[in-house]
Amino acid sequence: MEQKRKIIKASTVPVSLNVFCRDQLRELSQHYEVVAVSSPGEELDEVARREGVKTVAVPMQRHIAPMNDLVSLMRLIDCFRREKPWMVHSMTPKAGLLCMMAAWVARVPRRVHTFTGLVWPTQHGVKRLLLKTMDRLLCACATHIIPEGQGVKRDLEYGRITSKPMRVLANGNVRGIDLEHYALTPQVKAEAERLRCADKLTFVFVGRLVADKGINELVEAFDIVSRNRNDVRLVLVGGQEPTLDPLTDKTLAMIEANDNIKAVGQQGDVRPWLAAADVFVFPSYREGFPNVVIEAGAMGLPAIVTDINGSNEIVVVDQNGLIVPPRQVEPLAQAMTALADNGEMRQAMASRARKMVADRYDCNLVRHALYEFYAAIGD
């Protein structure tokens with residue numbers, strides 16, 4: 001019996017493996033010997049149990065920490081030399097840099113990195129230069145580079161990060177959408193009815209409640225929209241990160257003062273909150289390819305998104321949503337008002353949203369593209 005080739009899938013923190021590689025690692029293990037590598041944590045243990053694959057814990061910091069990063073690099077080199085994989089495939093920024101360097105030192109023959117987003121395009125000065133240098137080093141050590149979407153690919157080309165060939169798999173996105181899960185099942189409908197506010201049109205945001213996601217602008221825009229009307233509400237689903245990327249005091253005060261803004265915290269299942277809403281709003285400053293916009297579309301919601309990578313590939317203006325400039329309050333308020341005022345336009349967008357997601361981002365299509373890629377570079 002022919003021995004299976006070994007693949008190491010790596011991310012900085014285990015939540016990335018747990019979310020982005022859900023069910024994928026188990027399927028891959030039918031054809032490859034799969035090892036999952038990330039920082040230790042309960043979610044890495046969950047990956048091992050659910051996916052049935054070997055896991056290796058290597059502590060890695062998400063932020064720049066030279067001494068800790070050096071220790072992580074040495075541990076990864078030791079791991080790769082022991083495991084002797086045919087391929088290392090990393091998929092988050094810090095794991096990408098450390099794993100590609102370690103795999104190069106360990107002479108792993110195929111070193112693949114998926115860029116799920118870029119930080120440097122929104123930075124300035126020395127920090128921007130440092131981040132670009134790190135991405136150039138990553139690409140120099142990699143043999144294959146996968147941008148998650150066309151926007152990420154354009155940024156890598158524009159920033160002259162690498163001259164190596166790059167390929168976006170399928171229509172972009174690393175995970176795709178499970179359309180059976182993100183659907184209006186009887187259970188989801190029942191819970192949505194409990195959450196719904198029948199006399200108000202509901203805008204919903206799902207994600208981290210941080211400045212980088214455009215929450216300051218969203219709250220201010222909604223305040224403008226709701227000033228002269230009481231038939232709208234804004235639901236914020238997600239947790240804050242006050243030590244990393246806090247909201248302004250002004251934003252927190254507006255949330256507290258406006259009875260039509262409801263912050264419900266992080267939720268284990270966001271489907272009922274999406275099903276109970278009328279419009280999804282995602283005013284993020286930067287993304288690679290945001291899964292939550294796809295999830296909202298699968299639940300039949302029109303979306304208002306900012307003109308950033310990923311979001312502007314998922315949303316087609318006047319088809320399944322509207323696109324506004326990032327970091328700007330007035331255009332966002334105008335788009336929210338337009339969808340609140342025009343029920344016919346809103347319903348037309350909603351009717352197209354799920355099919356547009358199904359045609360482009362079904363998880364089976366995304367996984368098939370990845371498996372074809374692995375097979376092609378194995379020849």
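Filtering the range 129-151 to residues that are more than 12 Å from T162 (Cβ to Cβ) and surrounded by fewer than 19 Cβ atoms within 10 Å (Cβ to Cβ) leaves L129, L130, T133, M134, Q150. Out of curiosity, is V47 assigned by TED's automatic domain parsing to the domain that holds L169, buried (at least 21 other Cβ atoms within 10 Å of the Cβ) and more than 25 Å from G207 (Cβ to Cβ)? So V47 does not fit the description; no. Residues in the range 35-58 that are assigned to a helix (DSSP H, G or I) and either touching a residue at least 60 places away in the same chain (Cβ under 8 Å) or closer than 16 Å to T92 by Cβ (or both): E43, L44, V47. Being over 17 Å from the mean Cα position of the chain (by Cα) and not in a helix (DSSP H, G or I) is a description that applies to V88.
Considering (1) farther than 27 Å from A369 by Cα; (2) not assigned by TED's automatic domain parsing to the domain that holds V119, the lone condition that H181 does not fulfil carries the number (1). When the range 118-141 is filtered for residues that are touching a Ser or Thr at 6+ places or on another chain (Cβ under 9 Å) and touching a residue at least 60 places away in the same chain (Cβ under 8 Å), nothing remains.
Of the residues screened, S163 is one that is within 30 Å of D78 (Cα to Cα) and exposed (fewer than 15 other Cβ atoms within 10 Å of the Cβ). Restricting to the range 297-311, count the residues that are more than 14 Å from A353 (Cα to Cα) and either touching a residue at least 24 places away in the same chain (Cβ under 8 Å) or of a type in the set (S, T, N, Q) (or both). Residues flagged as more than 14 Å from A353 (Cα to Cα) and either touching a residue at least 24 places away in the same chain (Cβ under 8 Å) or of a type in the set (S, T, N, Q) (or both) within the range 297-311 amount to 4.
Let's see how each residue does on (1) β-branched (V, I, T); (2) assigned by TED's automatic domain parsing to the domain that holds P109; (3) farther than 20 Å from G151 by Cβ; (4) touching a residue at least 40 places away in the same chain (Cβ under 8 Å):
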{"residue": "E295", "(1), (2), (3), (4)": "no, no, no, yes"}
{"residue": "V316", "(1), (2), (3), (4)": "yes, no, no, yes"}
{"residue": "I323", "(1), (2), (3), (4)": "yes, no, no, no"}
{"residue": "P326", "(1), (2), (3), (4)": "no, no, no, yes"}
{"residue": "M345", "(1), (2), (3), (4)": "no, no, yes, no"}
{"residue": "A348", "(1), (2), (3), (4)": "no, no, yes, no"}
{"residue": "V357", "(1), (2), (3), (4)": "yes, no, no, yes"}
{"residue": "Y371", "(1), (2), (3), (4)": "no, yes, yes, yes"}
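Restricted to the range 206-230, and to residues there that are in a loop (DSSP other than H, G, I, E, B) and surrounded by 21 or more Cβ atoms within 10 Å (Cβ to Cβ), the residue that is nearest to the chain's Cα centre (by Cα) is G207.
Per the listing V88, V105, V174, V119, the residue uniquely in contact with a helix residue (DSSP H, G or I) (Cβ under 6 Å, 6 or more places away or on another chain) and closer than 30 Å to A276 by Cβ is V174.
Pairs linking a residue in the range 226-255 that is free of Cβ contacts under 8 Å to residues at least 60 places away in the same chain and under 17 Å from G214 (Cβ atoms) to a residue that is of a type in the set (K, R) and assigned to a strand (DSSP E or B), with Cβ atoms under 6 Å and 6 or more positions apart or on different chains, are V235/K262. Entry remark, the range 350-362: residues being of a type in the set (S, T, Y) and loosely packed, with under 13 Cβ neighbours inside 10 Å number 1 in total.
The values are calculated or read from the model by the stated rules, or taken from the named source; none is laboratory data. Every value quoted in this text rests on a predicted model; they were computed, and no experiment measured them. When we count neighbours, we look across all protein chains shown, and the Cβ atoms used for this are built from the backbone with ideal geometry, even at glycine.
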